[in-house]
Amino acid sequence: MQIPANVEAKLRELAASGRTLNAYIYDTAPMRAKIAHLASIMPAGVEVYYAMKANPHPAFLKAALESGARGIEIASLGEAEKAVAAGFSPERLIYTGPGKSPEELEWSVANRVHTVHVESLTEAHRLNAIAAGHERKQKVLLRINADFDIHEAQTTFSGGSKKFGVDEEKLDTVLPQILALPHLDFRGLHVYAASGVLRVADLLKNCELVFEMTQRIEAHYPDVVCDIIDFGGGFGVDYLETGEDFDPQAYADGLKAMIESYGLQGRAFMLELGRYLAADSGWFCTEILDIKESRGKKQVICAGGINHFRRPAALAINHPLAILRMERPVLFDDQVSIRGESVYFGGPLCTGADKLANDEYVEAADIGDIAVFGLAGAYGLTMSNQEFLSHARPPEIDLT
Ligand SMILES: Cc1ncc(COP(=O)(O)O)c(C=O)c1O
């Protein structure tokens, strides 16, 4: 991985203060370019929502707003408040997630979010009662747990027993009950198979499944039109630097052909993308505080660990890594260095789980250098164990 020039310049400026460096650096130019590119290649009707769980920092919400995302996919009231504060009207929010509280549903109806993506019959009844209290009909999609599983994905959301949505085979019993609820306006399906998918064909298979379900529903219920179809997120990024990135053009072409072959032109198709939009707009940068040799392997101890960047440990992968050489004075004669070897990177936490990278080949590193982890703009600080050991929260610095 190459450290971008503006990121390096910022790190050198921060390091000049003499304080221990441990920060997220953001530059949302890649995210803005991706949103604009998707708008230019996707078939008519495809709307890109930013799944803000990937990174709720205001810089990312601003990037989504300014580069023309249709809206924000939210999964909590806290996310709703941040999205509104960033300039998205509630009408541009779509609300997903398997455990929406009555208060969250109340907020959604009162503020007129675009769609609530209902995940169970319980939620449908709860939402119906709340919408009745407002004398309104709430637009809903029904989330389906398809009998389909992308084995190679980093995280799967459908197939097998899942907490997400309603099992596909229960559709025939659940849908009539939802259609009978007078304050719900059923508009279509939400089927999200998996996150972190690099093979376009796998995600297109998911689209095909939803289209087949749509056809079955419309054949069975002549009054029902699924005019909104949500494919979820899932576009992957090349964490392992294989050179094989997700190909959005192939996805767009495949989806266009499929929409035409199923005769579904004129419908709205939602994409709720998190990782693909945000990942390459952020770097986790943490100072190497110590290097020691332990029984044949070098252990690199950084200022931040899973409290600030949990993803590599949680997903058992190494992120792209580059070392910014700082040429600090040595502290003592026998100080350990790294020269062309595979080492372990951990943080300062008192747990063996505090791993940033394992068996990572490093050309050269010394104490005082900065470890810069790439593709850290998505699911970085937001999914980390910040309170554990009460270290200071790392600053998030936006260069945009
Ligand atoms: C409902 C929903 N939509 C969208 C996303 C974003 O997924 P991704 O980051 O893979 O695009 C997620 C991720 O967990 C999700 O749960």
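The values are calculated or read from the model by the stated rules, or taken from the named source; none is laboratory data. Just so it is clear, the model here is predicted, and its values are computed rather than measured. Using ideal geometry, Cβ is built from the backbone for each residue, glycine included, and neighbour counts are taken over all protein chains shown. Quick note on the areas: whole protein, heavy atoms, side chains included, nothing else; ligands and nucleic acids left out. Shrake-Rupley method; radii C 1.70, N 1.55, O 1.52, S 1.80 Å.
Computed quantities for the displayed model
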{"read-out": "Exclusive hit being aromatic (F, W, Y) and farther than 24 Å from A268 by Cβ, set Y49, Y24", "value": "Y24"}
{"read-out": "Subset tally (residues that are more than 29 Å from the chain's Cα centre (by Cα) and of a type outside the set (S, T, N, Q)) for region 325-375", "value": "22"}
{"read-out": "Unmet requirement for A201, which otherwise passes all of (1) within 16 Å of the ligand (Cβ to nearest atom); (2) in contact with a helix residue (DSSP H, G or I) (Cβ under 9 Å, 6 or more places away or on another chain); (3) open to solvent by 10 Å² or more (accessible area, probe 1.4 Å)", "value": "(1)"}
{"read-out": "Scan of region 234-257 for residues that are in a loop (DSSP other than H, G, I, E, B) and loosely packed, with under 14 Cβ neighbours inside 10 Å, ordered by number", "value": "L240, T242, G243, E244"}
{"read-out": "Index of the failed condition, A64 passing every other in (1) open to solvent by 60 Å² or more (accessible area, probe 1.4 Å); (2) farther than 30 Å from M326 by Cβ", "value": "(1)"}
{"read-out": "Of all residues in region 329-360 being open to solvent by 40 Å² or more (accessible area, probe 1.4 Å) and among the charged types (D, E, K, R), the one that is nearest to Y239 (Cα to Cα)", "value": "D359"}
{"read-out": "Hey, F284 of a type in the set (F, W, Y), away from the ligand (no atom under 16 Å from the Cβ) and within 23 Å of the chain's Cα centre (by Cα) or not", "value": "yes"}
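Yes/no per residue for (1) among the β-branched types (V, I, T); (2) assigned to a strand (DSSP E or B); (3) open to solvent by 50 Å² or more (accessible area, probe 1.4 Å):
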| residue | (1), (2), (3) |
| --- | --- |
| L171 | no, no, no |
| L175 | no, no, no |
| I178 | yes, no, no |
| P182 | no, no, yes |
| Y192 | no, no, no |
| V210 | yes, no, no |
| P222 | no, no, yes |
